[in-house]
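*Asks:* Here's a structure for you.
The values are calculated or read from the model by the stated rules, or taken from the named source; none is laboratory data. Values in this document were obtained by computation on a predicted structure and should not be read as measured data. Please note: Cβ atoms are built from the backbone with ideal geometry, for glycine as well, and neighbour counts cover all protein chains shown. Remember, those area values only see protein heavy atoms, side chains included, never the ligands or the DNA or RNA. Shrake-Rupley method; radii C 1.70, N 1.55, O 1.52, S 1.80 Å.
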Amino acid sequence: QVQLVESGGDLVQAGGSLTLSCTASGRTLSSFGMGWFRQAPGKEREFVAAVSRSGLTTYYADSAKGRFTISRINVENTAYLQMNSLKPEDTAVYYCAATTKLVGLSTTTVYDYWGQGTQVTVSS
């Protein structure tokens, strides 16, 4: 079992920045691909970014490219999502997730473990 805990969500003005953290316990994070997803009220959960086990390969949704950066520090059992140039449409609950799969990291169904989410609100 893996427990994931997100932190770093906050209220921020448009154009601002936030860094979300996802800390894992129970198993070594290096065994898992990691992803960040978000869900706005009334909308489906959507992919934001993912990173391979080694951290060498990253994937981004079009909405995140150029603004968000996913990273991980395996020895700290933590993954990060650095978000810059935030927009009101980025407002959502952000979830981190872990998967033992090696492919399909942009798909919610491949993930085995999920955190409880952290709220990001971007004001205009």
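*Asks:* Among the residues of region 15-29, what is the count of those that are surrounded by 14 or more Cβ atoms within 10 Å (Cβ to Cβ) and either over 14 Å from Q82 (Cβ atoms) or of a type in the set (K, R) (or both)?
*Replies:* Adding up the residues that qualify gives 4.
*Asks:* While we're on this one: When the residues of region 108-124 are filtered to those that are touching a residue at least 40 places away in the same chain (Cβ under 8 Å) and exposed (fewer than 14 other Cβ atoms within 10 Å of the Cβ), which remaining residue is nearest to V51 (Cα to Cα)?
*Replies:* Out of the qualifying residues, it is D112.
*Asks:* Could you list, in sequence order, all residues of region 64-87 that are crowded, with 16+ Cβ neighbours inside 10 Å, touching a residue at least 40 places away in the same chain (Cβ under 8 Å) and in contact with a strand residue (DSSP E or B) (Cβ under 9 Å, 6 or more places away or on another chain)? Show your work before the answer.
*Replies:* Initial filter on region 64-87 (crowded, with 16+ Cβ neighbours inside 10 Å): 64, 68-70, 72, 74, 77-81, 83, 86.
Applying the additional criterion that residues be touching a residue at least 40 places away in the same chain (Cβ under 8 Å) yields 72, 74, 77-81, 83, 86.
Answer for region 64-87, where residues must be crowded, with 16+ Cβ neighbours inside 10 Å, touching a residue at least 40 places away in the same chain (Cβ under 8 Å) and in contact with a strand residue (DSSP E or B) (Cβ under 9 Å, 6 or more places away or on another chain): R72, N77, T78, A79, Y80, L81, M83, L86.
*Asks:* Now for a different question. Only one of these is aromatic (F, W, Y), farther than 26 Å from Q13 by Cα and out of contact with any helix residue (DSSP H, G or I) (no Cβ under 6 Å at 6 or more places or on another chain): F68, F32. Name it. Explain how you work it out, then say what you get.
*Replies:* On the way: F68 fails: farther than 26 Å from Q13 by Cα.
Among F68, F32, only F32 is aromatic (F, W, Y), farther than 26 Å from Q13 by Cα and out of contact with any helix residue (DSSP H, G or I) (no Cβ under 6 Å at 6 or more places or on another chain).
*Asks:* State the number of residues belonging to region 54-72 that are modelled with pLDDT under 95 and under 18 Å from T23 (Cβ atoms).
*Replies:* Residues in region 54-72 being modelled with pLDDT under 95 and under 18 Å from T23 (Cβ atoms): 1 in total.
*Asks:* Let me spell it out: the conditions are (1) over 18 Å from Y113 (Cα atoms); (2) open to solvent by 60 Å² or more (accessible area, probe 1.4 Å), and A61 meets all of them except one. Which number is the exception?
*Replies:* So the condition that A61 fails would be (2).
*Asks:* Starting from region 27-55, take each residue that is of a type in the set (D, E) and list its partners that are at pLDDT 95 or above, counting only C-beta distances under 8 angstrom and pairs at least six apart or across chains.
*Replies:* E46/F37; E46/R38; E46/Q39; E46/A61
*Asks:* Within region 88-99, can one find any residue that is aliphatic (A, V, I, L, M), surrounded by fewer than 18 Cβ atoms within 10 Å (Cβ to Cβ) and over 18 Å from L18 (Cα atoms)?
*Replies:* From region 88-99, those aliphatic (A, V, I, L, M) are 92-93, 97-98; that's our starting set.
Retained after the next criterion (residues that are surrounded by fewer than 18 Cβ atoms within 10 Å (Cβ to Cβ)): none.
No - not one qualifying residue is present in region 88-99.
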